[in-house]
Amino acid sequence: MTIEKGKPWGIEVARPPDLQLADSDQVVAHLLTADVGVPVAPTRGDLHRTIGARPLGDRLLLVEFPIDLLRVRLDNEREAIAVAHVTAQSPRWGGGWWRGPVLMVMNAQFLGDWHVVSRGHPNDGRAESVEWGSEFGLRERWEARRRLPTGGHVPHPAIETRSFRERSWTFDRSLDICIDGCRVGRARSLQIVVEPDAAVVYG
């Protein structure tokens with residue numbers, strides 16, 4: 001069951017003897033999907049930061065966190081799983097983050113140094129999307145990037161934020177797609193479906 005408003009998230013359990021450590025969001029996703037049921041503990045990355053970033057050390061008691069997963073489909077062909085986020089932007093030669101559309105779909109709260117969403121939660125059965133339209137200017141992008149590390153946002157009609165369970169996008173041209181911080185190629189269409197309570201991690 002996904003988290004209920006006002007309820008604590010996670011339960012304290014004995015440390016699994018076969019706990020697998022994952023030093024990135026990509027490794028977390030790989031371990032959770034390659035060997036379903038294996039106990040996984042993020043030790044770095046944006047999901048790790050979202051669940052509190054407590055060092056594991058030799059603690060005998062850990063917190064078991066249920067999380068949602070994002071099922072990602074590119075161009076109606078390639079599929080992947082994300083635990084933290086999915087981004088789409090112009091290729092570097094086309095301006096990258098500084099020109100054209102930018103899409104950030106968040107399961108975690110953080111994207112690197114950026115605190116992208118504060119109301120989202122990795123176990124609420126929904127994902128949060130933040131979109132910058134092509135008309136979002138260079139000055140406004142600079143200001144947005146300056147504020148994002150502290151969770152601040154620039155109010156602008158070219159920024160759209162939404163909460164969703166399933167959503168699709170079609171872009172005017174192919175954009176670079178990154179899943180959990182790893183570039184996976186380019187696509188003109190993107191579909192994301194939230195899979196509630198699909199996995200657990202330890203922290």
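The values are calculated or read from the model by the stated rules, or taken from the named source; none is laboratory data. Quantities reported herein were computed from a predicted structural model and do not represent experimental measurements. Here Cβ is always computed from backbone atoms with ideal geometry, including for glycine, and neighbour counts include all displayed protein chains.
Quick notes
- Taking the criterion of being at pLDDT 75 or above and in a loop (DSSP other than H, G, I, E, B), the residues of segment 120-133 that qualify are 120, 121, 122, 123, 124, 125, 126.
- On the stretch given as segment 59-113, residues that are assigned to a strand (DSSP E or B), of a type outside the set (A, V, I, L, M) and farther than 18 Å from residue 167 by Cβ total 4.
- Considering only residues in segment 35-90 that are assigned by TED's automatic domain parsing to the domain that holds residue 113 and more than 25 Å from residue 112 (Cβ to Cβ), the one that is surrounded by the most Cβ atoms within 10 Å (Cβ to Cβ) turns out to be 75.
- Meets criteria (over 30 Å from residue 139 (Cα atoms), in contact (Cβ under 8 Å) with a residue 12 or more places away in the chain and over 12 Å from the mean Cα position of the chain (by Cα)) for residue 73: yes
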